[in-house]
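A.B. asks: Pasting a structure below so you can have a look.
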Amino acid sequence: MMDIAVYTLTSVLHDAKKVDASTKEFLESLHILEMLKNDDYSDFGSHVLNLIFVRTGGTEGLFKRLLPSLNQHLSRPFYLLTSGESNSLAASLEILSFLRQKGLSGEIIHGNTAYMMQKIAELYQVEQAIQRISKIRLGVIGQPSDWLISSNVDYVSVKEHLGIELIDIPMGEVLKRLKSETQVPEKELLSIHEVKHISEKVQTYLSGATHIYHVLRQIVEDYFLEGFTIRCFDLLTTIHNTGCLALAQLNAEGIVAGCEGDIPALLSMAIGQKLLGVSGFQANPAYIDVEKGEITFAHCTIPLNMVQRYELDTHFESGIGVGVRGYMQEGPVTIFKVSGDLSRFFVEEGMLVCCQAKPNLCRTQQIIRLTNPDRVTYFLKKPIGNHHIIFPGHCKSLLEAMLTK
């Protein structure tokens, strides 16, 4: 059962019996009658979703007097539910305008029954995700890679706005563990990845690549993390292997694992995972066909639970280690990215047209055609860094609802 509460605003000028009868019919149609709190706001804000049912007109003054007692809940939008009867919509418009003047946010839930039920379910999912994400710790292993010159993040701002705690972990700690701990026997490695036709070259790196997985898994446990991003190219120059396979497996296990120390990408992945319940593919645009509205995204790792099948190859740029070439189901996808200062975000839906395996790109390659082809100009004029996150399914409205106040 969903944890929803419905509080009411009612003018004394209206007939109480008629209003109560109308309320019963309206809330029953939305399947939330049992969640009615009437005008007792003593526990407002304690539920996942708190709705204010503006039952009649003439309630604007009531809300103005009520607002000071709700101060502790002003960080979240006020959701005004209206049936449209007894001038309830007009009152909701005035209340929402008043909130905006105060610098506060809100939204009116109004329309036909099917729309309102869908909207309430969507808002519930968003509020659930906000509660989940506000309690997590994410690790930053090493600093962002040198080429991520626009991906700085203010840790304090992230904590204030999202509730996420970012923890710095020295890259040296990972390297020390990799050099000192015993590698997992070959027979145990194969339980992590069942792949046919592994080349001899890749086979030579497989034990080390899976050892990286176990070390990073232990780091997550030791620091009580729900995810991390790692300055993974340092692995190439120090232990001559890659974290691509480890990140692919960890993401599949529900641990958000990002590449290159890209913190905005990590935050984008975490937001999507908590909201949508699915892993995200961190990738960078490699080619854009402006006329078709198509973008080729590529990276050497992808969560193993996102793909129908996958192959193991070497890492593209270095030609060493273990990279992952994943083949995801063609169909609807959503591209998403938040900025490092959380001031803006990009989200757009599209269709995964095909996966390819060209030798001159990172191993996992996806061609995505945007639903709105004109949106490709964002990448050429106002991009939020290079990495973007791809989620399966069309979920633009949910992501917008979570990040728009």
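Throughout, read-outs are computed from the coordinates displayed, never taken from laboratory work. In this text the structure is predicted, and so the values were computed from the model without any measurement. FYI the Cβ positions are ideal-geometry reconstructions off the backbone, even for glycines, and counts take in every protein chain you see.
A.B. asks: Starting at 0 and stepping by 10 Å, how many percent of the alpha carbon pairs of the range 62-133 end up in each bin?
C.D. replies: The distribution over the range 62-133 is 17, 46, 34, 3, given as percents.
A.B. asks: For Ser150 and Glu122, what is the calculated FRET efficiency with R₀ set at 41 Å and r taken between the beta-carbons, to the nearest 0.05?
C.D. replies: Details: r = 32 Å, r/R0 = 0.77.
E between Ser150 and Glu122, to the nearest 0.05, is 0.80.
A.B. asks: If Lys and Arg each add +1 and Asp and Glu each add -1, what is the summed charge of the other residues whose beta carbon sits under 15 Å from the beta carbon of His299?
C.D. replies: So the environment of His299 carries a net charge of -1.
A.B. asks: Report the gain in length on full extension from Leu175 to His197: 0.36 nm times residue separation, minus Cα-Cα distance, nm rounded to one decimal.
C.D. replies: On the way: separation 22, 0.36 × 22 = 7.92 nm, distance 3.00 nm.
Extending this stretch completely gives an extra 4.9 nm.
A.B. asks: Further question on the same structure: Out of the chymotrypsin sites (Phe, Trp or Tyr not before Pro) in the range 200-266, which ones are loop residues according to DSSP with at most 16 other C-beta atoms within 10 Å?
C.D. replies: Values: sites: Tyr205, Tyr213, Tyr223, Phe224, Phe228, Phe233; in loops: Tyr223, Phe224.
Passing sites in the range 200-266 are Tyr223, Phe224.
A.B. asks: Rank the residues Cys259, Cys300 as a footprinting-exposure proxy: fewest other Cβ atoms within 10 Å of their Cβ go first. Present the calculation step by step, with values, prior to reporting the outcome.
C.D. replies: Details: Cys259 24, Cys300 29.
Lowest to highest Cβ neighbour count: Cys259, Cys300.
A.B. asks: Each label point is 7 Å from the Cα along the Cα-to-Cβ direction; what then is the distance between the points at Gln101 and Asn372, in nm?
C.D. replies: Placing both labels 7 Å beyond Cα along the Cβ direction yields 3.2 nm.
A.B. asks: Trypsin sites (Lys or Arg not before Pro), restricted to the range 330-400: which are DSSP loop and have at most 12 other Cβ atoms within 10 Å? All intermediate terms of the calculation are to be shown ahead of the outcome.
C.D. replies: Values: sites: Lys337, Arg344, Arg363, Arg369, Arg375, Lys381, Lys396; in loops: Arg344, Arg363.
Those satisfying the criteria are Arg344.
A.B. asks: Could you pull out every residue, at least 5 positions away or on a different chain, whose amide H is within less than 5 Å of the one on His315? Hs are placed 1.01 Å off N in the peptide plane, and Pro or chain starts have none.
C.D. replies: Ile320, Gly321, Val322, Gly323
A.B. asks: Further question: Which loop trypsin sites (Lys or Arg not before Pro) in the range 1-109, with loop taken from DSSP, have no more than 13 other Cβ atoms within 10 angstrom of their Cβ?
C.D. replies: Those satisfying the criteria are Lys102.
A.B. asks: So, R0 is 22 Å and r is the distance between the beta-carbons of Glu317 and His240; what FRET efficiency does that work out to, to 0.05? Please list the in-between numbers first.
C.D. replies: Working: r = 13 Å, r/R0 = 0.61.
Working from the Cβ atoms, E equals 0.95.
A.B. asks: Lys24 versus Thr404, label points 7 Å from Cα toward the beta carbon: distance in nm?
C.D. replies: Result: 3.8 nm between the two label points.
A.B. asks: Return the distance in nm (one decimal) between the two label points of a simple spin-label model at Arg65 and Glu291, each offset 7 Å from Cα along Cα→Cβ.
C.D. replies: With each label placed 7 Å out from Cα toward Cβ, I get 6.7 nm.
A.B. asks: Could you give the length gained by full extension between Asn360 and Ser46, i.e. 0.36 nm per residue of separation minus their alpha carbon distance, to one decimal place?
C.D. replies: Result: 107.7 nm gained on full extension.
A.B. asks: Express in nm, to one decimal, how much length is gained between His31 and Asp168 on full extension, taking 0.36 nm for each residue of separation and deducting their alpha carbon distance. Mind dumping the intermediate values first?
C.D. replies: Numbers: separation 137, 0.36 × 137 = 49.32 nm, distance 4.59 nm.
Difference between extended and current length: 44.7 nm.
A.B. asks: Please give the helix 16-29 orientation as an angle from the longest Cα principal axis of the chain, in degrees from 0 to 90, rounded to the nearest 10.
C.D. replies: Result, in degrees: 20.
A.B. asks: While we're looking at this one, here's another question. Normalised radius of gyration for the range 1-140, please: alpha carbon Rg relative to 2.2 N^0.38 Å, two decimal places.
C.D. replies: On the way: Rg = 15.2 Å, N = 140, 2.2 N^0.38 = 14.4 Å.
In units of the 2.2 N^0.38 Å rule of thumb, it is 1.06.
A.B. asks: Using the eigenvalues of the Cα gyration tensor, what equivalent ellipsoid semi-axes result for the chain when each is taken as the square root of five times the eigenvalue, whole Å, largest first?
C.D. replies: Equivalent ellipsoid of the chain: 47, 22, 19 Å, largest first.
A.B. asks: Still on this structure, please answer the following. For Ile295, Ile164, what ranking results if the residue with the fewest other Cβ atoms within 10 Å of its Cβ goes first?
C.D. replies: Values: Ile295 25, Ile164 22.
Listed from fewest to most nearby Cβ atoms, that is Ile164, Ile295.
A.B. asks: Helix 263-276: angle to the longest alpha-carbon principal axis of the chain, degrees 0 to 90, nearest 10?
C.D. replies: Between helix and principal axis, roughly 60 degrees.
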